[in-house]
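Visitor: Take this structure, written in structure tokens, and hold onto it; I'll ask about it next.
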Amino acid sequence: MILILSSNTNQKSAEYQQLIEYLTGLVGVQMRVHVERGTEQILTEIYLIGNTKPLDIKEMQNLPCVERVVRVSEEFRILGQHKDDSRPTYFDYKGVRFGQDTLNVFAGLCAVDNAEHVEIMLKALRDNGQVCTRMGAYKPRTSPYAFQGHGKNCLPFVFDLAGKYGIKVIAMEITHESHLNEIRAALQQTGNPTGVMLQIGTRNTQNFELLKIVGRQQEFPVLLKRGFGITLDESLNAAEYLASEGNRNVVFGLRGMKTNMGDPHRNLVDFAHVPVVKRLTRMPVCIDPSHSVGTRSAAPDGILDLMHITAQGVMAGANMVLVDFHPVPLKALVDGPQALLLKELPHFLEDVQIARDAYLKRVALAQRFAQ
Ligand code: PEP
Ligand code: MN
């Protein structure tokens with residue numbers, strides 16, 4: 001059960017103390033207080049865990065400071081979408097809204113190779129009205145002999161260039177807690193010219209210790225990729241780890257599943273799960289067509305599979321698109337074969353917009369028929 005308190009509740013007030021005293025007296029019930037400090041208000045939620053079945057909703061609603069009560073099911077307590085749950089399905093970061101109603105494109109390099117390519121990429125994004133990108137500095141690779149990413153050495157020039165081209169948010173995977181400190185230090189050193197969305201990759205979806213560390217900080221939002229060989233339920237629980245440690249600014253990323261059935265694509269595309277994740281949770285949903293499809297193959301209609309599949313995800317209501325581009329894919333150190341070309345950026349963005357418009361029309365149609 002979640003007690004949502006009136007905004008700006010003062011933890012030193014007599015009413016709050018009275019509430020805490022009452023809750024402490026409940027037998028078999030533990031509580032966890034979560035405070036979210038926004039720019040305009042402070043929101044406090046109290047999670048009651050344990051034997052909450054006997055608690056009467058009306059009675060709880062009448063307790064001091066309590067504005068609303070939500071009875072949650074066991075699963076995905078914090079990030080889940082529960083009955084009569086009016087908690088927000090969005091968050092803001094660096095002036096950009098990430099929600100179940102918005103759409104942001106994160107086009108960029110799978111892996112940072114050099115400053116020249118980063119600059120060409122970021123300039124193209126700026127020229128096409130984009131404020132987000134993806135830039136991999138820490139690359140988890142199948143082979144220990146493959147390029148592992150430039151790590152902390154590339155961060156200062158990536159952040160400086162992002163600031164130069166007005167990029168507000170960079171999605172960047174981390175694989176170890178030390179990377180978090182390196183990103184923090186490089187942002188500080190360069191004067192915080194941009195923001196970072198920490199990415200937990202598919203190989204680390206169930207790295208619980210990493211999840212706990214990333215969940216304990218609220219400075220950076222997190223993009224959690226679905227595990228490519230585990231159930232959806234297990235991946236959603238991984239997201240809940242982040243939230244249970246304190247960070248609920250989480251985007252859930254679909255990136256395809258391993259099937260080993262001779263698929264034409266690198267992974268089996270799972271974008272049919274966009275509406276499922278939106279129904280089960282309050283997280284915005286990201287699709288990654290690049291790591292799902294993995295090739296630049298085109299259909300007989302002349303449309304790249306990558307663009308077909310992006311459109312499918314966006315038309316199903318996706319809220320974020322993470323996609324690999326490269327100025328010279330042949331020279332890319334990671335995932336060149338799946339990178340889109342810079343000259344394809346305006347085409348890609350226009351195609352995404354067509355799919356988004358179609359999605360919005362479909363929502364309006366559904367509303368009309370529901371009346
Ligand atoms: C990536 O986005 O660069 C990446 C490695 O993705 P995934 O973890 O989904 O393989
Ligand atoms: Mn990649």
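The values are calculated or read from the model by the stated rules, or taken from the named source; none is laboratory data. Everything numeric in this text was worked out from a predicted model, so none of it was measured. Here the Cβ positions follow ideal geometry from the backbone for every residue, glycine too, while neighbour counts run over all protein chains shown. The accessibility values were calculated without ligands, DNA or RNA, using every heavy atom of the protein model including side chains. Shrake-Rupley method; radii C 1.70, N 1.55, O 1.52, S 1.80 Å.
Visitor: Within 21 Å of Met135 (Cα to Cα) and more than 14 Å from ligand 1 (Cβ to nearest atom): does that describe Phe325? Even if it seems obvious, please write down each step before you answer.
Guide: Values: within 21 Å of Met135 (Cα to Cα): yes; more than 14 Å from ligand 1 (Cβ to nearest atom): no.
No: the conditions fail for Phe325.
Visitor: Checking the conditions here, which among Ile354, Ile309 is β-branched (Val, Ile, Thr) and open to solvent by 40 Å² or more (accessible area, probe 1.4 Å)?
Guide: Working: Ile309 fails: open to solvent by 40 Å² or more (accessible area, probe 1.4 Å).
Only one candidate passes the filter, namely Ile354.
Visitor: Search the stretch 99-119 for residues that are touching a residue at least 60 places away in the same chain (Cβ under 8 Å) and pair each with any residue that is basic (Lys, Arg) when their beta-carbon atoms are under 6 Å apart and the residues are at least 6 apart or on different chains.
Guide: Gln100/Lys278; Leu103/Arg356; Phe106/Arg134; Gly108/Arg134; Ala111/Lys139
Visitor: Turning to a different aspect of this structure: Can you say whether Glu182 is without any contact (Cβ under 8 Å) to a residue 40 or more places away in the chain, within 16 Å of ligand 1 (Cβ to nearest atom) and of a type outside the set (A, V, I, L, M), as far as the supplied structure shows?
Guide: So Glu182 fails the test.
Visitor: Identify all residues within the stretch 36-78 that are open to solvent by less than 40 Å² (accessible area, probe 1.4 Å), hydrophobic (A, V, I, L, M, F, W, C) and under 22 Å from Thr9 (Cα atoms); write none if there are none.
Guide: Ile46, Leu48, Met60, Leu63, Cys65, Val66, Val69, Val70, Ile78
Visitor: So how many residues does the stretch 120-150 have that are touching a residue at least 24 places away in the same chain (Cβ under 8 Å) and either touching a strand residue (DSSP E or B) at 6+ places or on another chain (Cβ under 7 Å) or farther than 17 Å from Glu344 by Cα (or both)?
Guide: 19
Visitor: With charged (D, E, K, R) and either within 16 Å of ligand 2 (Cβ to nearest atom) or over 21 Å from Val196 (Cβ atoms) (or both) as the only criterion, which of Arg134, Arg97, Arg126 stands out?
Guide: Arg134
Visitor: Please go through the stretch 38-56 and pick out each residue that is outside any loop (DSSP other than H, G, I, E, B) and within 16 Å of Arg87 (Cβ to Cβ).
Guide: Listed by number, the residues that qualify are Ile42, Leu43, Thr44, Glu45, Ile46, Tyr47, Leu48.
Visitor: Within the stretch 321-369, can you find the residues that are hydrophobic (A, V, I, L, M, F, W, C), touching an Asp or Glu at 6+ places or on another chain (Cβ under 8 Å) and over 20 Å from Ile287 (Cα atoms)?
Guide: Within the stretch 321-369, Ala332, Leu333 qualify.
Visitor: Do you know which residues across the stretch 108-136 are more than 12 Å from ligand 1 (Cβ to nearest atom), of a type outside the set (Val, Ile, Thr) and open to solvent by less than 10 Å² (accessible area, probe 1.4 Å)?
Guide: The answer is Met121, Leu122, Leu125, Cys132.
Visitor: Count, please, the residues in the stretch 288-320 that happen to be farther than 17 Å from Arg266 by Cβ and in contact with a strand residue (DSSP E or B) (Cβ under 8 Å, 6 or more places away or on another chain).
Guide: 5
Visitor: Please specify each residue of the stretch 247-304 satisfying the condition of being within 16 Å of ligand 2 (Cβ to nearest atom), among the basic types (Lys, Arg) and surrounded by fewer than 20 Cβ atoms within 10 Å (Cβ to Cβ).
Guide: Lys258, Arg266, Arg296
Visitor: Next up: Has the stretch 356-367 got any residue that is of a type in the set (A, V, I, L, M) and part of a loop (DSSP other than H, G, I, E, B)?
Guide: no
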